[in-house]
Ligand SMILES: [Zn+2]
């Protein structure tokens, strides 16, 4: 769901509950619901207060997103929300919360792989781990934003690249889950169908190494080599196979300054989607 900017349900709910707190304590303080909410909040810590009330869920949402500074009072107002027209303040505050959710989402992903090395290598244990190792540098952004290949080249069909990026492409054995005797197969037992020696059929193998399929990417590699040279980036041959694959799958080089990302993507995305 990272590819489509859809956060885990627990974070999505936390965002909505914190935004509701904002509405009750800042935007619509004169409504009956807001007055009732504020009154019930004062009794929240008593034993008689039921567990699953909206007040308790809102308190829990604040701790999930680690927003403590002014709770249970009216929340801190970011500058964007203070300057917004009154009717847009709620929307502006939600946009501000999305950055907090995105940071927490990223923290939770990284927590799963605390030893995820830089630059990436190591034994891959799952599809999610493979995604993290390939694209971890492009995750340093607002995860709510759709990736550029979905937004920049609207007239081309991005479905194949989306499948590559979300680890669900039919041509890549490690993307295909099989279950035998109620047992899920291990990531590295999903072997390349073309190589007799039992090599793991990961996207790195299929795109760069496999004698049967690696020729498909040759034109693109030529294009990338020239583009790296023209933009004064490290030479293609000095990159790790993870870095090379991530470039082929549409991430900009990690060394390229952010202000040049748009130009890079405009040049390379049509060829990748092709
Ligand atoms: Zn192979």
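The table that follows gives values for the structure above.
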item: Considering residues of the range 198-229 that are part of a loop (DSSP other than H, G, I, E, B) and surrounded by fewer than 12 Cβ atoms within 10 Å (Cβ to Cβ) only, the residue modelled with the lowest pLDDT; result: 198
item: Only listed residue being within 16 Å of the ligand (Cβ to nearest atom) and free of Cβ contacts under 8 Å to residues at least 12 places away in the same chain, chosen from 222, 183, 170; result: 170
item: Lone qualifier among 103, 81, 34 - being more than 26 Å from residue 145 (Cβ to Cβ) and free of Cβ contacts under 8 Å to residues at least 40 places away in the same chain; result: 34
item: Residue that is nearest to residue 272 (Cα to Cα) [pool: residues in the range 186-197 that are more than 10 Å from the ligand (Cβ to nearest atom) and part of a loop (DSSP other than H, G, I, E, B)]; result: 190
item: Of all residues in the range 233-259 being more than 23 Å from residue 129 (Cβ to Cβ) and modelled with pLDDT of 90 or more, the one that is surrounded by the most Cβ atoms within 10 Å (Cβ to Cβ); result: 233
item: Per-region count, the range 189-206, residues over 26 Å from residue 257 (Cα atoms) and touching a helix residue (DSSP H, G or I) at 6+ places or on another chain (Cβ under 7 Å); result: 9
item: The range 227-243, subset in contact with a helix residue (DSSP H, G or I) (Cβ under 8 Å, 6 or more places away or on another chain) and in contact (Cβ under 8 Å) with a residue 40 or more places away in the chain, residue farthest from residue 146 (Cα to Cα); result: 227
item: Given (1) more than 16 Å from the ligand (Cβ to nearest atom); (2) assigned to a helix (DSSP H, G or I); (3) over 18 Å from residue 165 (Cβ atoms), index of the condition residue 232 fails; result: (2)
item: Check on residue 206, touching a residue at least 24 places away in the same chain (Cβ under 8 Å) and away from the ligand (no atom under 16 Å from the Cβ); result: no
item: Unique residue being part of a helix (DSSP H, G or I) and in the same structural domain as residue 12 (by TED's automatic domain parsing) when the list is 80, 46; result: 80
item: Residue check, residue 100 at pLDDT 80 or above and buried (at least 16 other Cβ atoms within 10 Å of the Cβ); result: yes
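Residues checked against (1) surrounded by 13 or more Cβ atoms within 10 Å (Cβ to Cβ); (2) more than 27 Å from the chain's Cα centre (by Cα); (3) modelled with pLDDT of 85 or more; (4) within 27 Å of residue 7 (Cα to Cα):
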residue: 27; (1), (2), (3), (4): yes, yes, yes, yes
residue: 32; (1), (2), (3), (4): no, yes, yes, no
residue: 51; (1), (2), (3), (4): no, yes, no, yes
residue: 63; (1), (2), (3), (4): no, no, yes, yes
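The values are calculated or read from the model by the stated rules, or taken from the named source; none is laboratory data. All values reported here derive from a predicted model rather than from experimental measurement. As a convention, Cβ positions derive from the backbone with ideal geometry for all residues, glycine included, and neighbour counts pool all protein chains shown.
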